[in-house]
Amino acid sequence: MEGFNEEICMEQTYSLLTGRETYEELLSNGKNVYVLFDPEKSIKDIDASVYDALLDYFINTEEYEKCNDVLAAKQLAKLI
């Protein structure tokens, strides 16, 4: 995929899953939006592997606060 940037994809996915930004806000930036899931789906319908991929990424980049945020979002999604 031409122009794909893993860091941007992970950051945008993180922003959506943790509620820091909405899909509409990401789109309004005028840039391509790359996320690991269908943003039209409900949070409860997102596969656990999306959270796991984010965790792996942020562990590798040593962004442990983001790991905690992803774990919290994953737990919340289980409760919904």
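The values are calculated or read from the model by the stated rules, or taken from the named source; none is laboratory data. The model shown is predicted, which means the values in this text are computed figures rather than measured ones. Note that we place each Cβ from the backbone using ideal geometry, even for glycine, and neighbour counts take in every protein chain shown. In case anyone asks, the SASA skips ligands and DNA or RNA and just uses the protein heavy atoms, side chains included. Shrake-Rupley method; radii C 1.70, N 1.55, O 1.52, S 1.80 Å.
Residues in the stretch 1-21 that are among the small types (Gly, Ala, Ser) and either over 11 Å from the mean Cα position of the chain (by Cα) or open to solvent by less than 40 Å² (accessible area, probe 1.4 Å) (or both): 3, 15. Total residues in the stretch 40-76 satisfying the condition of being over 14 Å from residue 6 (Cα atoms), of a type in the set (Ser, Thr, Tyr) and assigned to a helix (DSSP H, G or I): the figure is 3.
Scanning the stretch 22-80 for residues that are open to solvent by less than 70 Å² (accessible area, probe 1.4 Å), among the basic types (Lys, Arg) and at pLDDT below 95 yields a single hit, 74. Here residue 37 meets the list (1) without any contact (Cβ under 8 Å) to a residue 12 or more places away in the chain; (2) in a loop (DSSP other than H, G, I, E, B); (3) of a type outside the set (Gly, Ala, Ser) almost entirely, failing just condition (1).
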